[in-house]
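Right, one structure below, let's go through it.
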Amino acid sequence: MEISTYQKEASRTCAKTENYLMDDLHMVLGMQTEVAEIADVYKKHIAYGKELDLVNIKEELGDAMWYFANLCNYHGWDLRDILETNIAKLKSRYPNKFDADKAINRDLESERAILEYNLPNTRKVKIFSEYEIEQLQSKVYEITGDGDVMMLFNDLLGIQAG
Ligand SMILES: [Mg+2]
């Protein structure tokens with residue numbers, strides 16, 4: 001599954017209120033809760049000798065990602081941009097591989113410049129439902145009657161031909 005598809009699918013089961021701060025907090029607390037559930041799996045393994053439940057760990061990773069994706073959705077942030085920028089920042093910090101000296105002596109100005117360039121405050125994306133996409137596609141085709149324009153439109157929105 002593409003990251004953009006995951007982000008859209010995650011929004012399908014996410015409630016939204018009129019209070020953006022409560023919505024944000026819901027997602028942030030949800031991330032914490034899911035990470036705590038992962039910690040609990042390790043605790044039960046270490047303290048009680050229970051078999052390490054890797055299925056459960058992977059389940060909780062997915063649950064945590066749902067909250068990450070929906071915090072992005074609330075703000076109109078593209079999850080792919082955030083993930084790609086994280087890698088770009090780490091490539092700047094460690095051009096070849098992890099280096100303990102570079103972990104301590106970071107070039108924070110360069111890293112901040114990468115973050116601000118790739119994740120500007122003004123960047124927004126709209127998450128369309130499948131219904132909205134179908135409506136838009138039909139409108140574009142109705143107006144242009146041109147399959148090439150339709151393909152360009154799909155490409156811009158990251159829609160797979162189908
Ligand atoms: Mg969970």
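Taking Cβ atoms as reference points and 9 Å as the exclusive limit, the residues near Arg93 contribute a net charge of +1, counting Lys and Arg as +1 and Asp and Glu as -1.
What part of the accessible area of the chain, given as a whole %, is carbon or sulfur when the probe is 1.4 angstrom? Summing carbon and sulfur atoms, their accessible area is 57 percent of the total for the chain. Each residue, Val149 and Ala36, gets one label point 7 Å from its Cα in the Cβ direction; the gap between the two is 5.4 nm. In terms of distances greater than 30 angstrom between alpha carbons, the cross-link table entries Lys8/Lys102; Lys8/Lys89; Lys16/Lys97; Lys8/Lys58 yield Lys8/Lys102; Lys16/Lys97. Rolling a 1.4 Å probe over the heavy atoms of the protein chains gives the chain an accessible area of 74 Å² per residue. Are there any helices in the chain, counted as whole DSSP H runs, that stretch 18 Å or more along their axis by Cα and score at least 0.0 on average by Kyte-Doolittle, and if so which? Within the chain the helices that satisfy the rule are 20-48. Using a/c under 1.5 as the rounded threshold, could you call segment 1-75 rounded, prolate or oblate? The axes a ≥ b ≥ c are square roots of the C-alpha gyration tensor eigenvalues, and prolate needs a/b larger than b/c, oblate otherwise. Here segment 1-75 falls in the oblate category.
For Glu2 and Ala100, a Förster radius of 30 Å and the Cβ-Cβ distance give a FRET efficiency of 0.25, rounded to the nearest 0.05. Over every Cα atom in the chain, the radius of gyration and the widest Cα-Cα span, Dmax, amount to 20.3, 66 Å. Rounded to 0.05, the FRET efficiency of the Arg80 and Leu52 pair, given R0 = 30 Å and the Cβ-Cβ distance, is 0.45. A simple packing score, the average count of other Cβ atoms within 10 Å per residue, orders the peptides 96-109, 42-55 as 42-55, 96-109, with the highest score first.
The values are calculated or read from the model by the stated rules, or taken from the named source; none is laboratory data. Keep in mind it's a predicted model, so treat the numbers as computed, not measured. Virtual Cβ from ideal backbone geometry, glycine too; neighbours counted across all protein chains shown. Keep in mind that these areas ignore ligands, DNA and RNA; they rest on the heavy atoms of the full protein, side chains included. Shrake-Rupley method; radii C 1.70, N 1.55, O 1.52, S 1.80 Å.
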